[in-house]
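The values are calculated or read from the model by the stated rules, or taken from the named source; none is laboratory data. Remember, predicted model here, so these are calculated numbers, not experimental data. Here Cβ is always computed from backbone atoms with ideal geometry, including for glycine, and neighbour counts include all displayed protein chains.
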C-alpha cells in the first residue's frame, strides 16, 4: 500500500494495514507446537515497553514502515520507554524544533498510527 492509498482509507483500515505489517512471518508461526495457529495468526509484534534495553528491537518495528517515508519528514524520530512512560521524540526537518509527545497508555498500533499522522499523513 502506498501513502496515497493510506490517505484515502479509514482509520480502521490503516490500523489493519499496520497490524498486517507487524504480523509474525510464516517461519515463526510454524515453529510453535501444540498451539492454535488461528489464534497466533491474529497476533502481531509489539513494542517492548519494559526497558530501554530493547531500543534496537523497537526501532526494528518502526523500520518495517521505512518504505512509506516516515523518516523523510523528520531529522530524527525515536520512541523512549522508561519507568512506565512512553515518549515519542522527533524533530521536523523544516523547522528544527524538538518535540516530545507522551504516549503512555497507547499500544503499538496506536503509536505507529500516531507516527503516521505526524509524518506521512500529516497534511490530510
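Of all residue pairs spaced 6 or more apart or on separate chains, none has beta-carbon atoms under 6 Å together with a first member in segment 58-73 that is touching a residue at least 60 places away in the same chain (Cβ under 8 Å) and on the phi > 0 side of the Ramachandran plot and a second member that is assigned to a helix (DSSP H, G or I) and crowded, with 17+ Cβ neighbours inside 10 Å. Looking only at segment 45-60, filter to residues that are assigned to a helix (DSSP H, G or I) and surrounded by fewer than 13 Cβ atoms within 10 Å (Cβ to Cβ); which one of those is modelled with the highest pLDDT? The residue in question is 60. Filter segment 20-44 for residues that are at pLDDT 70 or above and in contact with a helix residue (DSSP H, G or I) (Cβ under 6 Å, 6 or more places away or on another chain); which is surrounded by the most Cβ atoms within 10 Å (Cβ to Cβ)? Taking the candidates together, the pick is 21.
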